[in-house]
Each structure stands twice: as C-alpha cells, then as structure tokens.
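Novice: Before anything else, here's the structure in question.
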Amino acid sequence: MQTEEITLTSATDEKRKILLCCFVCTGNTCRSPMAAALTNFLGAKHGVFADSRGIHASVGAPISENAVVALRARGVENTPQNDYLSHRAKQITRADFDAFDCIFAMSSAHASALLFAFPECAGKIRVLGEIADPFGGDEEVYKQTLAQIEAALLLQFPYLKDDKI
C-alpha cells in the first residue's frame, strides 16, 4: 500500500514535501517507538518524520531498554531531532488522526482495533506489516523485530533505503 505525500508551502514559497507518520502498537514501548525512531533516522533528509502511540499504552512508560539496544546496534543515534531516549508512551486519540498524514498499525489486529475505535478515520489507517511483538524478549529478539520493521518500512518508502543496511 502506498502512502500519499502532502505538499506544504514554506514562508519563502519554496515547496517542500513533508510526510508525518504515526506508528501504533499495543503499549507504545517497543515496536512503535522503534519504528518512529528508525523512520526519523532514515527519513529526515527526505521529509518523512514520525511519532508513535499505543492502543493500550501505559501512559508515561519509557521506551524499553532492549529497544534502545536494538536501535543503537542499527546505528540509530539519539539526537535532539530524534530523541527516542525521552520517549514516553502515549495513547492514540482522535486528535492524532488530524495531526498525522498516515497511521501505521504494527499488525492487522492493531489496524482492526483502530478501525473499531475510529471508523471515521479509516482512510488514514494502514498496516505496516505483521510485526512480531518483542515484549519480554532478549536483545536479539528486539534486533530481529527492528529488522522486520525496517524491511516493512522500505516496502512502504523505498526511497528511504540507507547505504549502511
């Protein structure tokens, strides 16, 4: 499934394409924050930016330690523009559908839950893939999940391909 890019005009009338994505998983501490951090890492130079939410988020919970390990192992640095170490879990809300151009669910089950809760927003909901939940797994499981996320991201956005993969 392809995503649409929107065109925004800056104060200098220079046209720039910017796409704001939101990734959604269950608790917003593993898959979706990893997807957002990887998207920000690969996508910033292409105008693709992301954040994340959860369907049943433990609001305020930090990104999981093993998610940080996996991101660092992939070479995704924590920066002021991609500050995943400051991530705190957030619950998806109706307002998020207005704030983001597209909402990527980490599985078809997440997409179904989103469609049930927000049927009027069906046009913005997409399934990134059937991304395995690493919750409770070791570092290797998280690295495998991040690899799944990256493969799915590159199917959606082939122009994000990084030479360091």
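Novice: Looking at the structure I just gave you, is N40 touching a Phe, Trp or Tyr at 6+ places or on another chain (Cβ under 8 Å) and within 22 Å of Y159 (Cα to Cα)? If you could, list the steps in order and put the result at the bottom.
Specialist: Details: touching a Phe, Trp or Tyr at 6+ places or on another chain (Cβ under 8 Å): yes; within 22 Å of Y159 (Cα to Cα): yes.
Against the criterion (touching a Phe, Trp or Tyr at 6+ places or on another chain (Cβ under 8 Å) and within 22 Å of Y159 (Cα to Cα)), N40 qualifies.
Novice: I'm checking my understanding of the structure. Among residues of region 47-66 that are part of a strand (DSSP E or B) and of a type in the set (A, V, I, L, M), which one is modelled with the highest pLDDT?
Specialist: The selected residue is A50.
Novice: May I ask you to list the residues in region 122-164 that are β-branched (V, I, T), out of contact with any Cys (no Cβ under 9 Å at 6 or more places or on another chain) and under 17 Å from T39 (Cα atoms)?
Specialist: Taking region 122-164 first, the residues β-branched (V, I, T) are 125, 127, 131, 141, 145, 149.
If we keep only those that are out of contact with any Cys (no Cβ under 9 Å at 6 or more places or on another chain) too, we end up with 127, 141, 149.
Answer for region 122-164, where residues must be β-branched (V, I, T), out of contact with any Cys (no Cβ under 9 Å at 6 or more places or on another chain) and under 17 Å from T39 (Cα atoms): V127, I149.
Novice: Sticking with this one: Would you please name the residue that is nearest to A67 (Cα to Cα), looking only at residues in region 79-99 that are aliphatic (A, V, I, L, M) and surrounded by fewer than 19 Cβ atoms within 10 Å (Cβ to Cβ)?
Specialist: L85
Novice: If we scan region 56-73, do we find a residue that is touching a strand residue (DSSP E or B) at 6+ places or on another chain (Cβ under 6 Å), polar (S, T, N, Q), touching a residue at least 12 places away in the same chain (Cβ under 8 Å) and surrounded by fewer than 19 Cβ atoms within 10 Å (Cβ to Cβ)?
Specialist: No; the residues of region 56-73 include none that is touching a strand residue (DSSP E or B) at 6+ places or on another chain (Cβ under 6 Å), polar (S, T, N, Q), touching a residue at least 12 places away in the same chain (Cβ under 8 Å) and surrounded by fewer than 19 Cβ atoms within 10 Å (Cβ to Cβ).
The values are calculated or read from the model by the stated rules, or taken from the named source; none is laboratory data. Because the structure is predicted, anything quoted here is derived from the model rather than measured. Neighbour counts run over all protein chains shown; Cβ positions are idealised from the backbone, glycine included.
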